[in-house]
Amino acid sequence: MSTEGARIFLASRNAKKIAEMERILAEHVPDVQVLGLDDVDDYDEPAEDEATFEGNALLKARAGAAATGLPSIADDSGLCVDALNGMPGVLSARWAGRMKSDTANNELLLDQLHDVPDARRGAHFRCAVAWVMPDGTERVVEGRMPGRVIREMRGSGGFGYDVLFVPDEYATSGLTSAEILPQEKDRISHRGRALREIAPLVAADLAQ
Ligand SMILES: O=P(O)(O)OP(=O)(O)OP(=O)(O)OC[C@H]1O[C@@H](n2cnc3c(O)ncnc32)[C@H](O)[C@@H]1O
Ligand SMILES: [Mg+2]
């Protein structure tokens with residue numbers, strides 16, 4: 001079964017997310033050329049207005065496949081905070097407003113959790129990855145990474161809320177997901193888990 005020479009389209013505007021996805025895909029679906037939004041003609045990107053990560057990931061991948069004619073993959077992800085009843089959730093990118101600033105989102109989240117004691121600062125990242133083929137084949141998987149929200153921003157790796165998030169796997173050291181190596185984050189992250197689950201399906205569909 002070979003996927004050599006196959007081309008897929010990755011529908012995302014987030015450069016750091018794209019870097020993570022390309023890194024993980026390169027390991028698990030090798031020999032595939034990944035095109036991004038800069039490699040294709042502009043098209044009307046859908047508003048991410050679904051109530052679930054799965055729904056939004058499908059919206060993005062379907063629009064990509066329809067516009068490019070290529071098998072397309074998209075990620076919709078976010079941080080779900082227990083003390084906020086699962087929010088920011090699907091609103092994570094826009095939590096402090098439509099300008100989508102990571103720093104503003106993190107500052108707002110810290111402020112909202114100011115009075116929440118350490119024992120109730122649990123949270124998890126979620127990532128839905130959707131894979132849509134031009135023939136209509138659709139697959140969606142989800143990955144999670146449990147952890148806690150700390151009280152100050154630490155680290156310069158990753159992106160988004162990583163500076164505020166200590167994964168359960170790093171509870172002893174207290175390192176945030178912005179302080180661990182990229183390959184360590186991939187090993188435990190919501191995105192790494194979802195992409196490793198979908199990778200064999202992608203490879204099988206491409207080899208058809
Ligand atoms: O929709 P695209 O164009 O892919 O890019 P985006 O940044 O808008 O992505 P989402 O709509 O999926 O929103 C996800 C937000 O959740 C946060 N997030 C998701 N995964 C994360 C991770 O691994 N580490 C830190 N924050 C993450 C981050 O704030 C993202 O902007
Ligand atoms: Mg988005």
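The values are calculated or read from the model by the stated rules, or taken from the named source; none is laboratory data. Since we're looking at a predicted model, the values are computed, not measured. Ideal geometry is used to build each Cβ from the backbone, glycine not excepted, and the neighbour counts take in all protein chains shown.
The residues in the stretch 154-175 that are in contact with a helix residue (DSSP H, G or I) (Cβ under 6 Å, 6 or more places away or on another chain), surrounded by 18 or more Cβ atoms within 10 Å (Cβ to Cβ) and over 20 Å from residue 18 (Cβ atoms) can be counted, and the count is 2. If you check 45, 4 for being at pLDDT 95 or above and either outside any strand (DSSP E or B) or within 10 Å of ligand 1 (Cβ to nearest atom) (or both), only one passes: 45.
Just one of the listed residues (128, 96, 65) is surrounded by 16 or more Cβ atoms within 10 Å (Cβ to Cβ), within 13 Å of ligand 1 (Cβ to nearest atom), under 21 Å from residue 195 (Cα atoms) and not charged (D, E, K, R), namely 128.
Checked against (1) closer than 29 Å to residue 116 by Cβ; (2) buried (at least 21 other Cβ atoms within 10 Å of the Cβ), residue 29 passes all but condition (1).
Selection of first residues in the stretch 2-22 that are touching a residue at least 24 places away in the same chain (Cβ under 8 Å) and of second residues that are of a type in the set (Asp, Glu) and in a helix (DSSP H, G or I), restricted to Cβ pairs under 9 Å at least 6 apart or on distinct chains, gives the following pairs, ordered by first then second residue: 9/39; 10/22; 20/186. Tallying residues that are free of Cβ contacts under 8 Å to residues at least 24 places away in the same chain and of a type in the set (A, V, I, L, M, F, W, C) within the stretch 96-114 yields 4. Pairing each residue of the stretch 72-95 that is small (Gly, Ala, Ser) with any residue that is modelled with pLDDT under 95 and not in a strand (DSSP E or B), provided the two are 6+ apart or on different chains, yields C-beta distances under 8 Å for 93/100. Entry remark, the stretch 113-129: residues being away from ligand 2 (no atom under 13 Å from the Cβ) and more than 14 Å from residue 150 (Cβ to Cβ) number 5 in total. Could you count how many residues in the stretch 1-21 are more than 24 Å from residue 44 (Cβ to Cβ) and either aliphatic (A, V, I, L, M) or more than 12 Å from the chain's Cα centre (by Cα) (or both)? Matching residues across the stretch 1-21 total 7.
I need a count of the residues in the stretch 65-85 that are within 16 Å of ligand 2 (Cβ to nearest atom) and either in a loop (DSSP other than H, G, I, E, B) or of a type in the set (D, E, K, R) (or both). Residues meeting the conditions: 2. I'd like to check something: does the stretch 86-109 contain any residue that is of a type in the set (D, E, K, R), in a helix (DSSP H, G or I), more than 14 Å from ligand 2 (Cβ to nearest atom) and over 20 Å from residue 161 (Cβ atoms)? No, that holds for no residue.
Using the structure shown, decide if residue 54 is within 16 Å of ligand 2 (Cβ to nearest atom), within 17 Å of residue 124 (Cβ to Cβ) and of a type outside the set (Lys, Arg). Considered against the rule, which asks whether it is within 16 Å of ligand 2 (Cβ to nearest atom), within 17 Å of residue 124 (Cβ to Cβ) and of a type outside the set (Lys, Arg), residue 54 comes out as yes. Listed conditions (1) surrounded by fewer than 17 Cβ atoms within 10 Å (Cβ to Cβ); (2) more than 19 Å from the chain's Cα centre (by Cα); (3) closer than 30 Å to residue 66 by Cβ; (4) not β-branched (Val, Ile, Thr) are all met by residue 114, apart from (3).
Considering each residue of the stretch 13-41, count those that are in a loop (DSSP other than H, G, I, E, B), at pLDDT 95 or above and of a type in the set (A, V, I, L, M, F, W, C), and give that number. Qualifying residue count for the region: 1.
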